[in-house]
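Student: Below is a structure I'd like to ask you about.
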Amino acid sequence: MGSVERSCECSTLGDFAVVGMGGDGRDERVFSTLMEIAKHGGDAWWLYASRCSACGQDWMIAQEERIHDNFYFKRLTAGELKMIEEQGAWPPDFVRFEDVIRLGPDHGQVARFFDTNDLTDTVKELMEVRSDISAREIAYMFVLSEPEAERLMDRAARMSWKQLRPFA
Ligand SMILES: [Zn+2]
């Protein structure tokens, strides 16, 4: 075997990076060398850590495939990874779904919903996690007008638990 130097797309990412799902295929190039090494488990179904088999970098990744369809990457130090592996203690950046959704509009990579009613379940979840969340915040997170956010919050508030659809 020759000494073929392996390259990786992950080395082109900053300490924090937003990578859209699909599109130009950058997500596939980044993930082609990444291997999952830890899962948050628990409530944070979107959160895991991976290591690059080419350059050895560890990443914390939020896979936000429900609203804005982005991957969010944060470089992990050896100490941070140790805390995750030994104590299940994750850096706080991606632990709350509210914070993860907000990263889309924060970085101008957002999805638009044809039928905003599809957002009702997520709005309800956010209201249950934080009851004082405002229509302005909901509007920002989902790129809606404030009246539309208020309408969805009313709709969510009237929804019973039984109507919640599990997300596949
Ligand atoms: Zn790499």
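The values are calculated or read from the model by the stated rules, or taken from the named source; none is laboratory data. Just so we're clear, the structure is a prediction, and the values are computed from it rather than from any experiment. A quick note on method: Cβ atoms are made from the backbone with ideal geometry, for glycine too, and the neighbour counts reach across all protein chains shown. Protein only, heavy atoms only, side chains kept; ligands, DNA and RNA dropped before computing areas. Shrake-Rupley method; radii C 1.70, N 1.55, O 1.52, S 1.80 Å.
Student: Condition first: open to solvent by 60 Å² or more (accessible area, probe 1.4 Å) and more than 15 Å from Lys74 (Cβ to Cβ). Now tell me which residues in region 87-97 satisfy that. Steps first, answer last, please.
Tutor: Of region 87-97, the ones open to solvent by 60 Å² or more (accessible area, probe 1.4 Å) are 87, 92-93, 96.
Result: Gln87, single match.
Student: Exactly one of (1) closer than 26 Å to Val19 by Cβ; (2) in contact with a helix residue (DSSP H, G or I) (Cβ under 8 Å, 6 or more places away or on another chain); (3) not in a helix (DSSP H, G or I) is unmet by Ile138. Its number?
Tutor: Single failed check for Ile138: (3).
Student: Moving on to the next point. May I ask you to say which residue of Val100, Val129, Val123 is more than 26 Å from Arg26 (Cβ to Cβ) and open to solvent by less than 10 Å² (accessible area, probe 1.4 Å)?
Tutor: Being more than 26 Å from Arg26 (Cβ to Cβ) and open to solvent by less than 10 Å² (accessible area, probe 1.4 Å) holds for just one of Val100, Val129, Val123, which is Val123.
Student: Please determine whether any residue of region 34-52 is without any contact (Cβ under 8 Å) to a residue 60 or more places away in the chain, surrounded by fewer than 19 Cβ atoms within 10 Å (Cβ to Cβ), among the polar types (S, T, N, Q) and not assigned by TED's automatic domain parsing to the domain that holds Tyr140.
Tutor: For region 34-52, residues without any contact (Cβ under 8 Å) to a residue 60 or more places away in the chain, surrounded by fewer than 19 Cβ atoms within 10 Å (Cβ to Cβ), among the polar types (S, T, N, Q) and not assigned by TED's automatic domain parsing to the domain that holds Tyr140: absent.
Student: Of all residues in region 105-120, count the ones that are surrounded by 15 or more Cβ atoms within 10 Å (Cβ to Cβ) and touching a helix residue (DSSP H, G or I) at 6+ places or on another chain (Cβ under 8 Å).
Tutor: 6
Student: Within region 132-143, how many residues turn out to be open to solvent by 70 Å² or more (accessible area, probe 1.4 Å) and either of a type in the set (Asp, Glu) or in contact with a Lys or Arg (Cβ under 9 Å, 6 or more places away or on another chain) (or both)?
Tutor: Residues meeting the conditions: 2.
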